[in-house]
1. How do 217, 207, 303 rank by accessible surface area computed with a 1.4 Å probe, from largest to smallest?
2. Which one of 80, 238, 287 is farthest out on the positive end of the charge dipole of region 50-323, using unit charges on Cβ (Lys, Arg +1; Asp, Glu -1) and the Cα centre as origin?
3. How about residue 432: which lysines have a C-alpha closer than 23 Å to its C-alpha, ignoring those fewer than 8 places off in the same chain?
4. Given labels modelled 7 Å from the Cα in the Cβ direction, how far is it in nm from residue 425 to residue 71?
5. Based on alpha-carbon centroids, what's the gap between region 286-331 and region 142-217 in Å, whole number please?
6. To the nearest Å, what is the center-to-center distance of region 383-424 and region 25-82, using C-alpha atoms only?
7. Can you give the accessible area of residue 297 in Å² (nearest 10), computed on protein heavy atoms with a 1.4 Å probe?
8. Given a 1.4 angstrom probe, I'd like the percentage of the accessible area of region 50-323 that is carbon and sulfur, rounded to a whole number.
Amino acid sequence: MTNIFHRSLAHDYPTAVSGQGIVIRDSEGRDYIDASGGAAVSCLGHSHPDVLKAMHAQLDSLAYAHTSFFTTQVAEDLAAMLVEDAPAGMSHVYFLSGGSEAIETALKMARQYFVEIGQPQRRHFIARRQSYHGNTLGALAIGHNAARRIQYAPLLIETHHVSAPFDYRGRAPGETPEAYGERLAAELEAEIARLGPDSVIAFIAETVGGATAGAITAPPGYFRAVREICDRHGILLILDEVMCGMGRTGTLHACEQEGVVPDLLTIAKGLGGGYQPIGAVLAQGRLVDAFRQGSGLFQHGHTYLGHAVACAAALAVQRVIQRDGLLAQVCARGQQLQGLLQQAFADHPHVGDLRGRGLFWGIELVADRASKQWIDPAHKLHVRIKREAMAEGLMIYPMGGTVDGTCGDHILLAPPFISTPDDLAQIVERLKRALNRSLAAVSVYS
Ligand code: PLP
């Protein structure tokens, strides 16, 4: 019996009772290796002593003070740390309670910026197909996750979508990655021209695509071309690093590896590592100045933004990552994970593509490798894989609709940064068993 309106009303959820390191234990005493960090959240694993200590200390002094009355030192310290390590020109941080709120905030901040500088005619957002930016109505409109979006379509603000970089399925035979990137950038430019350049507010993209298509990375030069196009038309570039940011791909911000600096950058999940709900928007000083010289007020706000315990948790998480050199560890472990995945799946008849960066990996499943034909979505393979993985004591993040929102399946892995080589080996071993049992059950093995 439950009184919780659970995500699925057809599913019985085990009760999680404790977490230690990369393992969560349920009320039956079963252990689960958290190989996806929930949904790319738990970068330090569970019950990290330094984070718990910082949270306890904050609780003992002040849990919460509404941000229309006060600032807090812990929020100031976290903002200062984030700005210090931010891409060039970022000067301010707006704190929220999660990823969707961060996206809503970035959309509104971008719109109000143009109102402040006397360009109120700008009203369009351009985003990418097969993206995910959150489940609130604005974020859902910007995103392109068909399953999550379709029944709300009549309520969503008009958004314009262009192709996302999807090397495995989108790059033409014989086309170089660079040429592919140029083609995608040209598509964006054509869409801007169609809408009228001075009517566009921003282009928004996940730096590394996460939940919808599974760790898709951009071809070399793509983001630099996008940045140049946005600049030429006075359009803002919003990068969504809610999932791929805060060290997940081996640099603090994924955009560092693309050689671009966005105007607004959204972060969440790995910011607080799941110890508290927290997200943020990092903003370029130029934008903040426009607000300061204009109305002086960002017309926005939520009750819990800048929550003191959430800021304390995030500050502790980020200090541990810095102190323990965990970004370098993400790179090293990422290479190990890539090697293990290749060993396990490079010749697997139903693994079409292995892709990713750092400790952020996607495995795309197919019925046939040569044709890249997907497995019939009626099998709901991703649902089965998640169930089989849980039976193996393994948390992973499988998803359907990889190809076009309806067809295709992938598995996302995002293990904690503290994972050891042995942990990674166990993850891949359990994953292989769960995957093969799932594939056998839907009889794709002929
Ligand atoms: N943006 C991206 C790239 C995400 O992956 C997610 C969640 O998965 C969100 C936004 C929404 O974040 P939240 O679930 O915290 O609202």
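1. Details: 217 40, 207 0, 303 75 Å².
Sorted descending by solvent-accessible area, the residues read 303, 217, 207.
2. 238
3. 372, 380, 386
4. Placing both labels 7 Å beyond Cα along the Cβ direction yields 5.0 nm.
5. 27 Å
6. About 24 Å separates the Cα centre of region 383-424 from the one of region 25-82.
7. 90 Å²
8. Values: 5890 of 10690 Å².
Of the solvent-accessible surface of region 50-323, carbon and sulfur hold 55 percent.
The values are calculated or read from the model by the stated rules, or taken from the named source; none is laboratory data. Keep in mind it's a predicted model, so treat the numbers as computed, not measured. Virtual Cβ from ideal backbone geometry, glycine too; neighbours counted across all protein chains shown. For the accessible areas, the whole protein counts, side chains as well, though only heavy atoms, and no ligand, DNA or RNA atoms are used. Shrake-Rupley method; radii C 1.70, N 1.55, O 1.52, S 1.80 Å.
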